[in-house]
Every structure is written in C-alpha cells, then in structure tokens.
1. Checking residue 259 against (1) under 18 Å from residue 299 (Cβ atoms); (2) touching a residue at least 60 places away in the same chain (Cβ under 8 Å), which test does it fail?
2. With respect to residue 218, determine if the residue is under 29 Å from the mean Cα position of the chain (by Cα), on the phi < 0 side of the Ramachandran plot and not assigned by TED's automatic domain parsing to the domain that holds residue 110.
3. Looking at segment 321-344, I want the residues that are in the same structural domain as residue 355 (by TED's automatic domain parsing) and more than 16 Å from residue 396 (Cβ to Cβ) and have a partner that is among the charged types (D, E, K, R) and part of a strand (DSSP E or B) with Cβ atoms under 6 Å, at least 6 apart or on another chain. Which pairs are those?
4. Which residue out of 298, 290, 249 is surrounded by fewer than 17 Cβ atoms within 10 Å (Cβ to Cβ) and outside the structural domain of residue 188 (by TED's automatic domain parsing)?
5. In segment 258-287, what count of residues is obtained for those that are under 33 Å from the mean Cα position of the chain (by Cα), surrounded by fewer than 24 Cβ atoms within 10 Å (Cβ to Cβ) and not basic (Lys, Arg)?
6. Which residue, of 131, 150, 154, is closer than 30 Å to residue 88 by Cβ and among the polar types (S, T, N, Q)?
7. Residues in segment 428-441: is at least one in a strand (DSSP E or B), in the same structural domain as residue 492 (by TED's automatic domain parsing) and touching an Asp or Glu at 6+ places or on another chain (Cβ under 7 Å)?
8. Test of understanding: among 477, 450, which residue is buried (at least 18 other Cβ atoms within 10 Å of the Cβ), over 27 Å from residue 509 (Cα atoms) and modelled with pLDDT of 95 or more?
Amino acid sequence: MKNLIIKWMALGLIVIAAFGCEKKVNDWEVDSSHNRLFKSLVFEVSNTQATSVKLRYTKSIGATKYVFEFSKDSLEFNNIVKTVEVLADTLTPFATSTTPTRVEYRTDFGDLDGTSGYSVRMKSVDTSTGSESKYSEAYFETPAEQLFDSWEVSTDNIQMYWTVTDRVTDVLISDPVTGAQIKKVPITADAKSKGTIVLDGLSPGTQYQIAIYNGDVLRGTKILTTSGIKGALLIAVNPGDDIGSLVAAAINQGRPDVTLLFKANQVYNLGSVTLPSGLANISFTGEKAAIGTNAQPAVLNCSNVAFTGTSIGKMIFEKVDLVGGSSDFLVNLSTDNLQIDEYDFLNCLMENYKGVIRVQNKVIKLGQILINNSQVNATGGYGVINVGGSSVSLDSIKVTNSTLIDMNTQLMDVRAVVPLIAVTNNTIYNVNSALTQLIRLDKNNLPGLFEGGNNIISGNNAGADLKSFSLSYEGSFAGSYRTSEMSINTDFPEITVYPGAAGDLFVNPVNGDFHIKEGAGFGGTGIAGDPRWW
C-alpha cells in the first residue's frame, strides 16, 4: 500500500512538471500592420466623360469614409492632382445586397482634364480607430473635351462662346490643313466672366481651327469657315443701293468674285435682282446672325434673284432673312444651256416663298443645291425645292441641320435623276399647312441614293393625311422619328414613332421653340432633329 501511494505521488509530480514546461505557442501580440480594414471587393471605372469619371465600388465594413486620390500617370501615383474624401454616411447605395460587402456605390468626380490619362486609388478609413484598408487602383483616359457650345462666323472675325469657367487661358488659331499656328489670343478676365471671345483679323471664306486651352490642356476645338467668298471683293451694301450696279462695277474692276455684306438690323427692299454677266461667284452675306438667340438679321425683301449669261460658279445666301411673296420663287431657272456649280443657303431664314428654288425642265447643268443650318417658314405648293424634269442634270440635293415649318404640299418635287438626295437632321413641323407627301418623285427618274436619317417629323399636318413619298419607294428614314398625332397614308420606311404629340415632345412648338422637353422620354435626344435645338 505504501509503495502504491509513492507511485501515485511520483506520477503527479511528472504531470505537474510537464505542464510547467509547456510553451505558450499561441500567445503573441498582434502585428499592428495587419490591424486594418478590408478593401472593397469591387473598384472600377463605370463611365468616363471629357471632364469627369464615375467610379463603381463596394462597401468596406467599418469604413466611415473613403479617400480617393487622382494622379496624372499610369498607376505610379507620383503626381497627385486631386484628393477627395467621401463620408460613408452620405452615400446612397446604387445596388443593395443582403451581403454588406456587396452593397455597391457609384460616385462622380469632376474638374478633370480632357484627353488625359489618370490613375485613381481608393482606401477605406475608420476615423474612430485610424484603421485603413489597402489601396484599390484603376487607370482611365478621358476623351477629348468640347467646351465650345456655340459660335458666330463673320467675314473677318469669329465669336466663340462657352460655359463660363475660370479654367481657360488662351485661344489658339491655326491652319486646319498644315497645323501651322496663325495666332495665340490670351483670354482676358472680362472674356472669362462672359464666356465669349471675338477673334478678329481673319479673312473671308477661309477655314480656321479654333482651340481653347487651360495652360497646356486642350479643352475644346472647332474647325470653322468665315463667311463670304475667299478672295472676293467685299462690298458693304446700304439700303437703297442697286445690287446690279454694285456687281457690275466690281466686274468692270476685274473682280468677278463678289461678297455683298448686308448690315445687321437693317431692312433692304431689293425686289427682283438681276446680276450682270461676267460674274464668277457671289455671296449675299449678313453681317450678324439671322436666326438664333443672338440674331440681328439683315432682312432682304427679295422676290427673285437671277443672273445674265449662261454660267456662274457659286451663288451663296448666308446669314440673311429672305422674305418673298406667295407667288415668288427666290431662284427660278427657266432657260436652256445654263450651268451653275452651287446654290447654297447657309444659316438663313427663308419665309413666305412659293418655292425657294425652281429648276424648270430645261437643259440645265447644276452641281449642288444645299440648305444647311437654316429655317424655312410657310412655303407654297411647288415645294421648297422643285426640279422639273429629265432635261435637268443635277448632282445632289441636301437639306440638313435645318428647321422646316408649315410647308405646303411637299418639301421637294424632283423629276430628274439625282445621284444623291439627303434629308438629314431636320426638325419638321406642320400645323397650319398640309403636306401631301414629304418627297415627290418621278417613277422613271428615281434618285441614285436617298438618305433620310435623324429627322423629327411632327405636327398634325393641318388634319390631312401624309405620305412619305408620292409613290412606292424604299428610301430609308432609319434613325428618324415622327410624332403620333398626324394621320399617315403611307408611312416613312424604318421610322420610329414617338408616343406623343409635338406639344409633348417640344418646349413650345406653336411659338417656334423646338428644344426637347425635359422628361419627354425621347430616344433621339442629342441625335435627331436640327442640332441647334439640342
């Protein structure tokens, strides 16, 4: 018994010794470098604009704020140009989730430079403990910025407009072909405050590249052409002047290219104008805009413009308000063996004509008829453009970027083979006159190609049925829209019907405001219609 007790005592001592020698292998201090928040599961670029980026990221548990750093390099972060802190309690989830780490946020960051590469990194911070996450990183490039929102060209200057900002320093004028710098114009404090600058000392009919900078950062660029004809004699016209006599005097001086400059806010009663022979090219040019918010029109009461002789190069009407009578054709070509390179109507307002241009079925060779950036009001039954028959040779008809209001019977009546007819990016509104068809064609002289994209055709058409074409023709209006209140006889091929009337789509069409209403739900916003209403 005594020996048994001794054995148990020895065993107990061994056990005690063993426990006394045990190492505390899991009892160490935590490395403070690992005492941090987990970074977001998702961090990526959702969308880039010229001066902004939208970032997509998920919730970091325990974070009270998120810190974003932007650097102008490629994930090196040696040139931090912007730091933004976003408080967690100010964020609204873009997408919720029952798993907290999958709750998604999206945040916009502005005041970036266009055409630039940026690195962005984000960390999560718990301000109560000072704990931070590791950085999440991404790289993106902003597209080119277009700060210019409008402009007005004149014969010797161009006025540029932009949204007011302090982040502009200079405007650079250069040759768009060679890239050679013509001049650099500093933007004054006054110009910055108004968001506009006048670039003077330019030449008529000349193309320029206009670029606006903030230091070395390009913020916008446009290629524009001054009004008038390059190299032409510029004649300032006063009310009461005889146009034929002014042009004849120029020709006698050996100057067959003429730009007639009509003063802003003046009315000219021209009547019927006949231009003398020997004229090469002519432009009827307004000093200031004829349409738009800055309009100071030169109003030309003009029933007809004709020329003597058998040929002329370009006849241009630009930045003038042309007013006719209900029996007048502004241009009426009615004799054989005529040759004309172009009739161009640019930034014009044309009102009350029976037709703007009529080409009768004679042996006439004509290069182009162009109506661009213009507005046509209340034309008669012959159509804005009327081409009489197969004796006419005509290369193209283009009606683009224009607003056409209350046309009677048709936009155009074309009975000659024309290789290209383009009716694109126009806003068309008819309520006080009735169109029978938009385009009248001859089945034996169909166009080689028809383009009808990105128009808006609207209004009740004075209650009359409307056809797209006068006959069965598959010219496409893909990308165009029409409002739903008009009665359709033959619809426009591939057009999209907007489920509302003109009054639902436009701000105030009755009074000529064709801006798209906010909340109109229009799929063609910024794409279809006259771009001046965007």
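The values are calculated or read from the model by the stated rules, or taken from the named source; none is laboratory data. Note that this is a predicted model, so its numbers are computed, not measured. Using ideal geometry, Cβ is built from the backbone for each residue, glycine included, and neighbour counts are taken over all protein chains shown.
1. (1)
2. yes
3. Cβ pairs passing all conditions: 323/351; 329/358; 332/358.
4. It is 249.
5. The total comes to 7.
6. 131 is the lone residue from the list that is closer than 30 Å to residue 88 by Cβ and among the polar types (S, T, N, Q).
7. Filtering segment 428-441 for residues in a strand (DSSP E or B) gives 428-429, 435, 437-441.
Next, from what is left, pick out any that are in the same structural domain as residue 492 (by TED's automatic domain parsing): 428-429, 435, 437-441.
If we keep only those that are touching an Asp or Glu at 6+ places or on another chain (Cβ under 7 Å) as well, we get 440.
Yes - at least one qualifying residue is present in segment 428-441.
8. 450
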